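Comments concern the structure below.
The values are calculated or read from the model by the stated rules, or taken from the named source; none is laboratory data. As the structure is a prediction and not an experimental result, all values here were calculated from the model. Quick reminder, even Gly has a Cβ in these numbers, built from the backbone with ideal geometry, and neighbours come from all protein chains shown.
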Amino acid sequence: MDDTELRRLAEQRVKRKRDFQGHLVTYAIVNAFLWILWALTDDHDGVPWPVWVTFFWGIGVAWQAWSVYGQRPIGEEEIRREMERLR
């Protein structure tokens with residue numbers, strides 16, 4: 001991998017990390033607002049309605065976190081091993 005390709009890959013990874021951080025901050029601010037709104041206006045019977053937004057949006061945030069921080073790039077050694085298994 002030459003320096004140009006390495007730089008492009010590094011820029012993509014930095015952009016994905018920044019995008020995730022922005023998404024996480026938005027998630028925290030919007031959900032805090034929704035929970036405060038619920039606390040001030042609802043009569044608190046049953047399941048609080050913001051739980052659905054927090055839960056399902058949280059799944060999306062967790063999925064994005066996994067794709068940014070958890071997944072490893074596919075390496076040559078892994079490809080080579082898989083090719084040997086296929087032979």
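For first residues located in the stretch 8-27 and free of Cβ contacts under 8 Å to residues at least 24 places away in the same chain, partners that are aromatic (F, W, Y) and not in a helix (DSSP H, G or I) and lie 6+ apart or on another chain with Cβ distances below 9 Å do not occur. In this entry, V61 is excluded by the filter for residues that are in contact with a Phe, Trp or Tyr (Cβ under 9 Å, 6 or more places away or on another chain), surrounded by 11 or more Cβ atoms within 10 Å (Cβ to Cβ), at pLDDT below 95 and not in a loop (DSSP other than H, G, I, E, B). The set of residues from the stretch 18-46 being surrounded by 12 or more Cβ atoms within 10 Å (Cβ to Cβ), over 13 Å from V61 (Cα atoms) and not hydrophobic (A, V, I, L, M, F, W, C) comprises just one member, D42.
On inspection, V51 does not qualify as touching a His at 6+ places or on another chain (Cβ under 7 Å) and either modelled with pLDDT of 95 or more or surrounded by 12 or more Cβ atoms within 10 Å (Cβ to Cβ) (or both).
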